[in-house]
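Asker: Take this structure, written in structure tokens, and hold onto it; I'll ask about it next.
The values are calculated or read from the model by the stated rules, or taken from the named source; none is laboratory data. Everything numeric here is computed off the predicted structure, so don't read it as measured data. Every residue, glycine among them, receives a Cβ derived from its backbone with ideal geometry; neighbour counts consider all protein chains shown.
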Amino acid sequence: MQTTPTARKFFFSRFQNRYQYFLTAPVDGIEKVTAVAIVVLADTYNVIRFRKLLESLLNEYLNSKSCNGVLRPFLMSHAASITNKPTAAQQSEAKLALIAPVHLLIEQLGLDSIAIWSAVLTRHQVVFYHPDPEVLSDFVRAAGCFGGWHRQSWTLLRPVCTDSAAELADLKSIPGGFIAGFVQNTTNVQNIADVFIDLTRNTVVISDKAKVGISLSKYHKSVADSFVQALETVKAHNASADADNQQDPAQVILKQVMLKTKELLDQVAACKGEDGTVTRESIRSKEIPQSIENFVLAVAQAEEFGRK
């Protein structure tokens, strides 16, 4: 670790074909140890499960003050995952683990968050910058749901990256775009982004190349307005509701995102021609507004029923 953590931090990423789950924490009372980092490599995308596992391993280490104390619970957990079929509760937890804090995108970026929805839908390269890996993990997870929930394609997430040659090469190898987070804000990082989000400044920049497919229109503003309104509604509800009747803003916003995404995909599908593909001509035959013609075509191509 480059710096000693002052509080527990959980974050994750992916490199090539493995997910990496990290938990770092300060340590007090163990000779010559000021901080600890525990890392688990896995083939599975399940943030909730691996956070619980890492917390358990960390507590074992702090109690035993020995690395040997970590090994036994890890091996027990690993053995159980191999020999036991997932219970109904575990299967439900795995589904819930996919729900990310989508509302954070709306809270922090407001109407500008629509650029992320558009970029994910059209399989562009979305890059977040923030020096805190825990923040990046939350926002990259959220972006994966924001326009991509219907695909359930989580291997394109790279929440915590550096601009090393190996990691940049890994990103470039991902087919159909990616969503990445960087702890560095360098020229190399900005150059690979179709949409670049600086979370320290709350700015969203769309590259000139990407503007062809995701230039923002009145339609995009109307969709963004619906997301903002949904968040304001759930906040107003929670402000007046008791603890037993609170609504989860992540789930509320995700439902609204799913609704708007389905409406768009239905509209795009309706543009299919006799051969089952979507072309510029078939889009125009449906009297789609010219301002979103390129966007509709880009979505069709991303959904693999548009003719390139």
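Asker: Examine region 204-218 for a residue that is touching a residue at least 12 places away in the same chain (Cβ under 8 Å), farther than 30 Å from Leu168 by Cα and either among the β-branched types (Val, Ile, Thr) or not in a loop (DSSP other than H, G, I, E, B) (or both), and state whether such a residue exists.
Answerer: Taking every residue of region 204-218 in turn, at least one turns out to be touching a residue at least 12 places away in the same chain (Cβ under 8 Å), farther than 30 Å from Leu168 by Cα and either among the β-branched types (Val, Ile, Thr) or not in a loop (DSSP other than H, G, I, E, B) (or both).
Asker: Would you tally the residues in region 61-71 being of a type in the set (Ser, Thr, Tyr) and part of a loop (DSSP other than H, G, I, E, B)?
Answerer: 1
Residue-by-condition table, conditions (1) closer than 18 Å to Leu111 by Cα; (2) assigned by TED's automatic domain parsing to the domain that holds Leu105; (3) among the acidic types (Asp, Glu):
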site	(1), (2), (3)
Phe227	yes, yes, no
Ser282	no, yes, no
Ser285	no, yes, no
Glu303	no, yes, yes
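Asker: Would it be correct to say that Ile214 is β-branched (Val, Ile, Thr), assigned by TED's automatic domain parsing to the domain that holds Pro289 and at pLDDT 95 or above? Steps first, answer last, please.
Answerer: Values: β-branched (Val, Ile, Thr): yes; assigned by TED's automatic domain parsing to the domain that holds Pro289: yes; at pLDDT 95 or above: no.
No, not satisfied.
Asker: If you don't mind, another one. Hey, among the residues in region 219-247 that are free of Cβ contacts under 8 Å to residues at least 12 places away in the same chain and outside any helix (DSSP H, G or I), which one's nearest to Gly144 (Cα to Cα)?
Answerer: Looking at residues that are free of Cβ contacts under 8 Å to residues at least 12 places away in the same chain and outside any helix (DSSP H, G or I), I get Gln246.
Asker: Which of the residues belonging to region 263-302 are free of Cβ contacts under 8 Å to residues at least 24 places away in the same chain, surrounded by fewer than 16 Cβ atoms within 10 Å (Cβ to Cβ) and part of a loop (DSSP other than H, G, I, E, B)?
Answerer: Ala270, Gly273, Glu274, Asp275, Lys286, Glu287
Asker: Quick check on Val234: is it of a type in the set (A, V, I, L, M, F, W, C) and farther than 30 Å from Val39 by Cα? Steps first, answer last, please.
Answerer: On the way: of a type in the set (A, V, I, L, M, F, W, C): yes; farther than 30 Å from Val39 by Cα: yes.
For Val234, the condition - of a type in the set (A, V, I, L, M, F, W, C) and farther than 30 Å from Val39 by Cα - is met.
For every residue, the table says whether it meets (1) farther than 21 Å from Gln125 by Cα; (2) modelled with pLDDT under 95; (3) among the polar types (S, T, N, Q); (4) out of contact with any helix residue (DSSP H, G or I) (no Cβ under 6 Å at 6 or more places or on another chain).
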| position | (1), (2), (3), (4) |
| --- | --- |
| Gln229 | yes, no, yes, yes |
| Lys235 | yes, no, no, yes |
| Thr277 | yes, yes, yes, yes |
| Ser291 | yes, yes, yes, yes |
| Glu303 | no, yes, no, yes |
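Asker: In a helix (DSSP H, G or I), modelled with pLDDT under 95, in contact with a Pro (Cβ under 8 Å, 6 or more places away or on another chain) and at negative phi: does that describe Ala94? Break it down stepwise before answering.
Answerer: On the way: in a helix (DSSP H, G or I): yes; modelled with pLDDT under 95: yes; in contact with a Pro (Cβ under 8 Å, 6 or more places away or on another chain): yes; at negative phi: yes.
For Ala94, the condition - in a helix (DSSP H, G or I), modelled with pLDDT under 95, in contact with a Pro (Cβ under 8 Å, 6 or more places away or on another chain) and at negative phi - is met.
Asker: Same structure again: Among the residues of region 97-127, which ones are surrounded by 24 or more Cβ atoms within 10 Å (Cβ to Cβ) and part of a strand (DSSP E or B)?
Answerer: If the condition is that a residue be surrounded by 24 or more Cβ atoms within 10 Å (Cβ to Cβ) and part of a strand (DSSP E or B), then Val126, Val127 are the ones that fit.
Asker: Would you check if there is a residue in region 256-272 being hydroxyl-bearing (Ser, Thr, Tyr) and either in contact with a Phe, Trp or Tyr (Cβ under 8 Å, 6 or more places away or on another chain) or within 25 Å of Gly148 (Cβ to Cβ) (or both)?
Answerer: yes
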